[in-house]
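Here the structure is laid out as structure tokens; the discussion comes afterwards.
Where a number appears in this text, it was derived from the coordinates with a stated rule and is not lab data. Source: prediction; values computed, not measured. Don't worry about glycine lacking a Cβ; one is built from the backbone with ideal geometry, like all the others, and counts go over all protein chains shown.
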Amino acid sequence: MLNKKLNKQMPAKLLKVHQLTLVKNNPFARLVAPSTQGALPETTLLPLLLDEERQCLYGHLARNNPVLPLMSPGSRVLALFDGGHQYVSPRWHPEQKVPTWNYACVQLTCTPVIIEAAEEKLALVNDMSRFFDPTWPLEEILAPQFAGCLQQMLNAICVFRLDILAGAGRFKLGQRKSPDYHTTIAGFMQQQGKEQLALWQGQPPQEY
């Protein structure tokens, strides 16, 4: 099951621990696919589920999504993950001389693989449903009386795997400033409800 694989560790050579945490905790991503030469790229928003063992992401889109025709075998796409952002005021700490904006994000370069087999499509959609909504009684829609409706829904979507080729992150948190600065700014972030960003601000990654 895919959701069991999520607890396994991805090799450090691909993603650093803080980058991996960001992707897992912020699965709603922007997918960017190259368009024809001279045209703007196509983009879409969707949840992507990380499989750490296979070093890939799983997702699905409606078949009429304009990104899908651009996801040909051997092509490359970008998956962009937003880990949060926060305005930082000079009023918050004397080391902050001018207004700024701290943030965290990860960009993954991937190659797409379209999943065609019906059983595999259903298994992956089920895994995503169980991960994002573990208390939903999934067995209800899998009952024989809903087989026709389920098949219709599966025919309307394209399920795919994104094999991760490279990863890059940007954790802009004023890494060169003092521990007191980071503790203070993290406190303001917590007041704004930015819990995950506050954790990184309190102990900012030095390799970002």
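Points worth noting:
- Each of M128, M153 was scored by other Cβ atoms within 10 Å of its Cβ. Listed from fewest to most, they are M153, M128.
- Length-normalised contact order for the chain - Cα pairs under 8 Å, 6+ apart - percent: 23
- In sequence order, calculated HN-Hα J values of the range 189-201 (Karplus, 6.51, -1.76, 1.60; Hz; x Gly/Pro): 5, 4, 4, 8, x, 9, 5, 5, 4, 5, 5, 5, 5
- Listed residues G38, G84, I185: farthest to the positive end of the dipole of the chain (Cβ charges): I185
- Cut-off under 5 Å, modelled amide H: who pairs with I115 long-range: V159, F160, R161
- Förster radius 45 Å - calculated FRET efficiency between V17 and S72, Cβ distance, rounded to 0.05: 0.85
- Using θ = phi - 60° and Karplus 6.51 cos²θ - 1.76 cosθ + 1.60, couplings along the range 141-147 (whole Hz; Gly, Pro as x): 6, 8, 5, x, 5, 9, 4
- Charged side chains reduced to their Cβ positions (Lys and Arg at +1, Asp and Glu at -1) give the chain a dipole of some 780 debye around its Cα centre.
- With each label modelled as a point 7 angstrom along the Cα→C-beta vector, the R54-Q206 pair spans 3.7 nm.
- Phi angles of the range 115-123 translate, via the Karplus equation with coefficients 6.51, -1.76, 1.60 and θ = phi - 60°, into HN-Hα couplings of 8, 9, 4, 4, 5, 5, 4, 5, 4 Hz per residue; Gly and Pro are given as x.
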